[in-house]
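Below: the structure, in structure tokens.
Every number here is computed from the coordinates shown, using simple stated rules; none is lab data. Treat the numbers as computed from the prediction; the structure is a model and nothing was measured. Here Cβ is always computed from backbone atoms with ideal geometry, including for glycine, and neighbour counts include all displayed protein chains.
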Amino acid sequence: MIIKMATQFLFRFFLRLTFWLLFIFLSHLFLLHYFDQPLFDHKIISCYTINFFLAAIIFLALYFLRKKYHDQMGFLFMFGSLIKFAAFFCFFYPVFYSDGSIDRLEFFTFFIPYLVCLITETWGVKNLLQLTSTDK
């Protein structure tokens, strides 16, 4: 029974994360097309993919650490955001800044999926904390 609940909880989180990222990605592409911008420049697929996997890994880590580190969940969540920013500065910043500046399209290409993942993770962690408080 507990395994089934855990599986359902994680499945719902991943379904929600996938749905919103895919919806926003397609909307992002539509807007780029509408404004006559190149669709797949600025590593857009990498930005969405890396944000998805980082959000998934961070949420799974929080899920498995929820009982042992219940009182530190906020700090662990913020540490996950730090990891995402580190990924930005390691993988994307050098490419985006190679011409001496980061333009609006480059900025939004990374931070739109970042924001979607952050909101989805926040919602998931809120539910996770509620689940954990009822498990005690």
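Among LEU22, LEU54, the ranking by other beta carbons within 10 Å of each residue's beta carbon, starting with the fewest, stands as LEU22, LEU54. Look at VAL95, VAL125 and count the other Cβ atoms within 10 Å of each Cβ; fewest to most, that gives VAL95, VAL125.
For the chain, the alpha carbon positions stretch 53, 27, 16 Å along the principal axes, listed from largest to smallest. Assuming charge only on the beta carbon of Lys and Arg (+1) and of Asp and Glu (-1), the dipole of segment 2-135 about its Cα centre is about 680 debye to the nearest 20. Over the chain, DSSP H runs of length four or greater, each weighted -39,500 (n - 2.57), average out per residue to a 222 nm ellipticity of -27000 deg cm²/dmol.
Where does helix 44-65 land angle-wise versus the long Cα axis of the chain, in degrees 0 to 90, nearest 10? That works out to roughly 10 degrees.
Applying a DSSP loop filter and a limit of 16 other Cβ atoms within 10 Å to the trypsin sites (Lys or Arg not before Pro) in segment 42-103 leaves LYS67, LYS68.
Stretch GLN8-LYS126 to full length: gain in nm at 0.36 nm per residue minus the Cα-Cα span?
Working: separation 118, 0.36 × 118 = 42.48 nm, distance 1.60 nm.
Answer, rounded to one decimal: 40.9 nm.
Taking Cα atoms only, the orientation of helix 2-34 departs from the longest principal axis of the chain by about 10 degrees.
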